[in-house]
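Read the structure below first, then the notes.
The values are calculated or read from the model by the stated rules, or taken from the named source; none is laboratory data. These figures come from a predicted structure and were not determined experimentally. Please note: Cβ atoms are built from the backbone with ideal geometry, for glycine as well, and neighbour counts cover all protein chains shown. When the accessible area is computed, the model is the full protein with side chains, heavy atoms only, and any ligands, DNA or RNA have been set aside. Shrake-Rupley method; radii C 1.70, N 1.55, O 1.52, S 1.80 Å.
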Amino acid sequence: MANRGVNKVILLGRLGADPDVRFMPNNGGKVVAIRLATSEIWNDPKNGKQERTEWHRVVFFKKLADTAEQYLHKGSQIYIEGRLRTQQWGQAGDKRYRTEIAAFELQMLDRPNASASASGSSSSPAAPEDADWEDDYSDMPMH
C-alpha cells in the first residue's frame, strides 16, 4: 500500500445551475457536468458570522450521467464521491488547465415529495458571475 496514492473527494452541496449535457466526440458517450456549491460557516470574534462558498465542477459518465441528467436540477442537494482530475489542452504557448471531480457515486438528498422550487434553491448560494466556466472552456475538447 505504501506505493499507492489516494485520490478521493467527498462533497455535499447544492447545484448552482441545471446540468450541462454534452457528448464526447470519439465515442459519443454522454458527459454531464454540474456546478456544485459547498459552504463553510464560522463565527469570527471580530466580524461575527462568516460564510465562504466554494464552487466545484463535477462530471458524470455512463449510467451516472443518465441519472444526473434526468433527476438533478438547480438547487438539488447531493452527496458525491469522486476523483480529482486535471485536464490540459491548447498549444504549447497557450496551455489551459481545468481541475474537476469525476464522480463515481451520487446520492440525491432532496425529499422526493419536495417540488423543484421548494427544494432549497432560495437557500443555495448565488453563483458568482465568474463561475460560468462554459465561456472559459468553450475551446476545450471533451475527453
Complete set of residues in region 97-119 that are among the charged types (D, E, K, R) and either modelled with pLDDT of 90 or more or open to solvent by less than 70 Å² (accessible area, probe 1.4 Å) (or both): Arg98, Glu100, Glu105, Asp110
Members of region 63-99 that are in a helix (DSSP H, G or I), acidic (Asp, Glu) and touching a residue at least 12 places away in the same chain (Cβ under 8 Å): Asp66, Glu69
Criterion violated by Ile41 - all others in (1) of a type in the set (A, V, I, L, M); (2) modelled with pLDDT of 95 or more; (3) in a strand (DSSP E or B) satisfied: (2)
Is it true that some residue in region 39-55 is open to solvent by 40 Å² or more (accessible area, probe 1.4 Å) and within 11 Å of the chain's Cα centre (by Cα)? yes
I need the full set of residues from region 1-29 which are at pLDDT 95 or above, of a type outside the set (A, V, I, L, M) and either in contact with a helix residue (DSSP H, G or I) (Cβ under 6 Å, 6 or more places away or on another chain) or not in a strand (DSSP E or B) (or both), in order please. Asn7, Lys8, Gly16, Asp18, Pro19
As an exercise: evaluate Val31 against (1) open to solvent by less than 70 Å² (accessible area, probe 1.4 Å); (2) free of Cβ contacts under 8 Å to residues at least 24 places away in the same chain and give the number of the one condition it does not meet. (2)
Could you go through region 16-28 and let me know if any residue there is more than 23 Å from Gln87 (Cα to Cα) and surrounded by 14 or more Cβ atoms within 10 Å (Cβ to Cβ). no
